Amino acid sequence: MVLGNGHLSFGTRKDNRSLGDIVKPDCTKPSFFNNEIKLNQDVHISILYGLHFLQIMIDGEARYFSHKEKYMRADEFSEMNKTGFEIKVASDKLAKLLIKEIAITEYDDDPAMIPYENTIVPTNPNNSKGVKADFSECISCLSGDIQEELLKTDVLLLSANELKIKRKIEGDQYGCKITYVSSLGVSYSLLIADTLLNHFFWWYMVANYKYENKFMGRKNDLTAETLRYIDRESPETAARIFSYYEQCCGCTKGCCAKTTYEFHSRKKTTCHGKVQMNMDLQTFSDLRYLINVIKILVKLGK
């Protein structure tokens, strides 16, 4: 949710940027809270932005309380408060969001705060340190169906001799990143926290690598060839994979990571050329299809 100049994120994978100040957000300083919510169930979220406190409640449970938010001390706050703060609500890519009710209440003075003695203190969302990485442990909190998909994908990637892939595991099931990197320039990453997972695939960029006369360049990029091949074999799969590409939102001026791809005369400017996927089981089979086609193209010397 975007509110004023800031944002609030819910149901994300231990997001260390889940809270941004409504007047002066600081993207360099992590600000987070326990934003876990139940998936596929109704959830009630209450957010109180007071003059002297900020409180976040989820299903009656206090998740965040603070007397020291930047907006409370900002010179601009009084005028911005009179004008009003714009609210925007959106879901993550491929996720489905159903809003059954939304209510906004304006107060002349601070509203009564909800008792917060039992506020849940957020744990550090960074990957655990000093923990011996184990693939089975990292995926152990995910559903059985997703674990099965990940095991099949892991076998495929590590047996793909053509792609020369190495696997790196950081953390444990409470905060884990599993990365498969090919020296040919392709990478696949899993970001896991407890029962949540997102994963993405890309032809990664390398800083200071001269490619097409750009500061940020790629060793290889077989995106166009891969999409054409898949389109011949399975047009619906090709269209679905193209829909996964994470579109650029123009977050930074002069960005070197914008990548434009074209499919059936449709152009899409993407962020890092990233194929962003989620916990939908279809995305795992699509990813394996994609990997198998790349293996074929590499064999053919494309």
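Some notes on this structure:
- Members of the stretch 170-199 that are modelled with pLDDT of 90 or more and touching a Ser or Thr at 6+ places or on another chain (Cβ under 6 Å): T179, V181, S189
- Hey, H52 exposed (fewer than 14 other Cβ atoms within 10 Å of the Cβ) and modelled with pLDDT of 85 or more or not: yes
- Flag for I230 being modelled with pLDDT of 90 or more and of a type in the set (V, I, T): yes
- The criterion of being free of Cβ contacts under 8 Å to residues at least 60 places away in the same chain and open to solvent by less than 40 Å² (accessible area, probe 1.4 Å) does not hold for K258.
- Scan the stretch 137-167 for residues that are open to solvent by 70 Å² or more (accessible area, probe 1.4 Å) and under 19 Å from the mean Cα position of the chain (by Cα) and the total you get is 0.
- Inside the stretch 261-282, residues that are of a type in the set (K, R) and either touching a helix residue (DSSP H, G or I) at 6+ places or on another chain (Cβ under 6 Å) or in contact (Cβ under 8 Å) with a residue 60 or more places away in the chain (or both) make up a count of 1.
- Subset of the stretch 242-255 that is under 26 Å from I146 (Cα atoms) and of a type in the set (S, T, N, Q) - its residue that is most open to solvent (accessible area, probe 1.4 Å): Q247
- Within the stretch 162-199, restricting attention to residues that are of a type in the set (K, R) and part of a strand (DSSP E or B), the residue that is nearest to Q282 (Cα to Cα) is K177.
- For the stretch 261-302, the set of residues classified as hydrophobic (A, V, I, L, M, F, W, C), touching a strand residue (DSSP E or B) at 6+ places or on another chain (Cβ under 6 Å) and open to solvent by 10 Å² or more (accessible area, probe 1.4 Å) consists of C271, M279, listed by residue number.
- Taking the criterion of being among the β-branched types (V, I, T), outside any strand (DSSP E or B) and either at pLDDT 85 or above or open to solvent by 50 Å² or more (accessible area, probe 1.4 Å) (or both), the residues of the stretch 1-43 that qualify are I22, V23, T28, V43.
- Among (1) open to solvent by less than 50 Å² (accessible area, probe 1.4 Å); (2) outside any loop (DSSP other than H, G, I, E, B), the one test that E79 misses: (1)
The values are calculated or read from the model by the stated rules, or taken from the named source; none is laboratory data. Here the structure is a predicted model, which is why all the values come from computation and not from measurement. Glycine also receives a Cβ, built like all others from the backbone with ideal geometry; neighbour counts cover every protein chain displayed. Just the protein is used for accessible areas: all its heavy atoms, side chains included, with ligands, DNA and RNA removed. Shrake-Rupley method; radii C 1.70, N 1.55, O 1.52, S 1.80 Å.
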